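Novice: Below are the structure tokens for one structure; questions will follow.
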Amino acid sequence: MFNALVVEKNEEGKTSASVQQMSLEQLPAGDVTVAVEYSTVNYKDGLCIGPGGGLVRNYPHIPGIDFAGTVEASDDPRYKAGDKVVLTGWRVGEAYWGGYSQKARVKADWLVPLPAGLNTRQAMAVGTAGFTAMLAVMALEDHGIKDGPVLVTGAAGGVGSVATAILANLGHKVAAVTGRPETAEYLTSLGATQIVAREELNETVKRPLEGETWGGCVDAVGGEMLARLLGQMQYGASVSAVGLAGGAGLPATVIPFLLRGVNLLGIDSVMQPYANRVRAWERIAKDLPMDKLEAMIVPATLSDLPSLGRDILKGQVKGRVVVDVNA
Ligand code: NDP
């Protein structure tokens with residue numbers, strides 16, 4: 001028997017989440033059974049744990065869109081018992097049972113071997129948010145980062161914290177946008193050279209072009225903030241659009257694309273091919289300083305998850321929640 005956070009739906013359609021005992025026979029079919037060590041709390045997890053079930057496709061459901069652990073049994077020649085593995089994406093924790101569990105059974109294709117230089121706890125301190133931050137930085141690099149500071153929005157959140165630390169470690173000046181002034185010291189400790197108040201960027205676009213300010217941007221917020229910052233990008237600079245914490249609409253004009261050659265790059269971490277996932281994890285191990293990663297960690301257990309799910313939806317989590325599923 002093992003413990004898992006199970007989300008159930010009653011006959012009235014109301015969902016509830018509780019830690020329950022499960023058996024291996026209850027796990028879905030899959031090539032690889034993993035003894036999970038750590039998982040995390042991402043925005044999507046907040047939706048899946050919360051009322052209404054968010055993105056959950058089947059009940060009862062075990063959420064947790066990422067995990068790291070040790071292979072216990074494998075029918076796939078790529079993995080053997082004892083191998084350390086990481087999983088992000090592939091709709092695990094939404095359509096398939098996920099990482100809020102001491103055991104998980106998944107398709108071998110969805111796994112990546114733990115990269116050298118990271119342990120399972122560090123890998124989940126990175127988790128889906130940090131993996132996505134790395135993809136966003138790699139996309140900016142592919143299109144060329146300009147000289148001006150690189151803007152990171154939603155900076156005190158998961159994606160923003162990791163993006164800030166990676167970009168600063170790569171030698172870029174980082175302007176961190178936050179709605180929480182009390183996180184300024186934390187963001188500076190991650191390497192931000194400038195703190196921008198959320199209100200400064202949250203106003204509706206009045207002029208389609210403003211001063212050419214930012215050499216690149218990792219945007220976790222979307223909405224009016226994304227629309228506004230597009231007009232502040234330097235000529236030919238790129239924005240990696242990662243999230244929609246501030247809204248899914250985009251009240252922008254085409255002018256920044258036409259007159260400034262701005263690139264808007266969509267980042268999707270869910271369906272990344274194996275080679276890209278391996279490349280991103282290797283870059284994380286190389287370019288993310290582990291002391292800064294440590295400073296982002298908020299430790300948690302399975303029973304903390306319902307309240308943490310509510311907090312992340314309210315934008316109140318700072319850094320990365322690391323769930324020790326065996327604690
Ligand atoms: P977090 O909740 O940890 O961070 C989001 C941050 O955005 C908050 O901490 C807050 O930062 C800021 N924020 C929240 N609400 C608002 C608002 N109304 N207006 C402006 N800023 C706001 O989430 P994650 O970092 O894990 O994820 C960020 C986004 O990226 C989410 O939308 C998520 O779904 C998405 N995502 C996308 C992925 C992909 O594959 N494309 C993968 C992972 C995440 P502060 O307090 O500093 O202002």
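Novice: Considering the range 128-266, what Rg and Dmax in Å follow from its alpha-carbon atoms?
Specialist: Final numbers for Rg and Dmax: 13.2, 38 Å.
Novice: Also: Roughly how far apart, in whole Å, are the Cα centres of the range 293-327 and the range 80-133?
Specialist: A separation of 17 Å, based on Cα centres.
Novice: Which of Leu151, Tyr59, Val36 sits farthest toward the positive end of the charge dipole of the chain, with +1 on the Cβ of Lys and Arg and -1 on the Cβ of Asp and Glu?
Specialist: Leu151
Novice: Give the lysines reachable from Lys107 as a straight Cα distance under 22 Å; neighbours fewer than 8 places away on the same chain don't count.
Specialist: Lys44, Lys80, Lys84
Novice: About its Cα centre, what dipole magnitude does the range 11-52 give when the only charges are +1 on Lys and Arg Cβ and -1 on Asp and Glu Cβ, stated in debye to the nearest 20? Mind dumping the intermediate values first?
Specialist: Details: 2 positive and 6 negative charges, 33 e Å.
Here the size comes out at about 160 debye.
Novice: What is the helix-to-structure angle for 120-143, meaning the angle in degrees between its Cα long axis and the longest Cα principal axis of the chain, kept from 0 to 90 and rounded to the nearest 10?
Specialist: 40 degrees
Novice: Find which of Leu209, Val242, Gly266 sits farthest along the positive direction of the dipole of the chain, computed with +1 on the beta-carbon of Lys and Arg, -1 on that of Asp and Glu, about the Cα centre.
Specialist: Leu209
Novice: Treating only the Cβ atoms of Lys and Arg (+1) and Asp and Glu (-1) as charged, compute the dipole magnitude of the range 128-266 about its Cα centre; round to the nearest 20 debye. Could the numbers behind the result be given before it?
Specialist: Working: 8 positive and 12 negative charges, 31 e Å.
It comes to approximately 140 debye.
Novice: Could you pull out every one of the aspartates and glutamates with an alpha carbon less than 19 Å from that of Lys286, ignoring same-chain neighbours closer than 8 positions?
Specialist: Of all the aspartates and glutamates, those that pass the test against Lys286 - Cα under 19 Å, at least 8 places apart if same chain - are Glu141, Asp142, Glu294.
Novice: Which of the lysines could a cross-linker bridge to Lys146, judged by Cα under 21 Å and excluding same-chain residues fewer than eight apart?
Specialist: Within reach: Lys173.
Novice: Based only on other Cβ atoms within 10 Å, what is the fewest-to-most ordering of His61, His172, His143? Show your work: numbers first, answer last.
Specialist: Working: His61 26, His172 23, His143 15.
Lowest to highest Cβ neighbour count: His143, His172, His61.
Novice: Let me ask another. Taking amide H atoms as placed 1.01 Å from N in the peptide plane, list the residues 5 or more away in sequence, or in a different chain, whose amide H sits under 5 Å from that of Leu151.
Specialist: Distant-sequence amide H within range of Leu151: Ala175, Gly215, Gly216, Cys217, Val218.
Novice: Ranking Lys44, Lys146 by Cβ neighbours within 10 Å, fewest first, what do you get?
Specialist: Numbers: Lys44 22, Lys146 19.
Ranking Lys44, Lys146 by Cβ neighbours within 10 Å, fewest first, gives Lys146, Lys44.
Just so you know, all these numbers are worked out from the coordinates, no wet-lab data involved. This one's a predicted model, so the numbers in the text were calculated from it and none came from an experiment. FYI the Cβ positions are ideal-geometry reconstructions off the backbone, even for glycines, and counts take in every protein chain you see.
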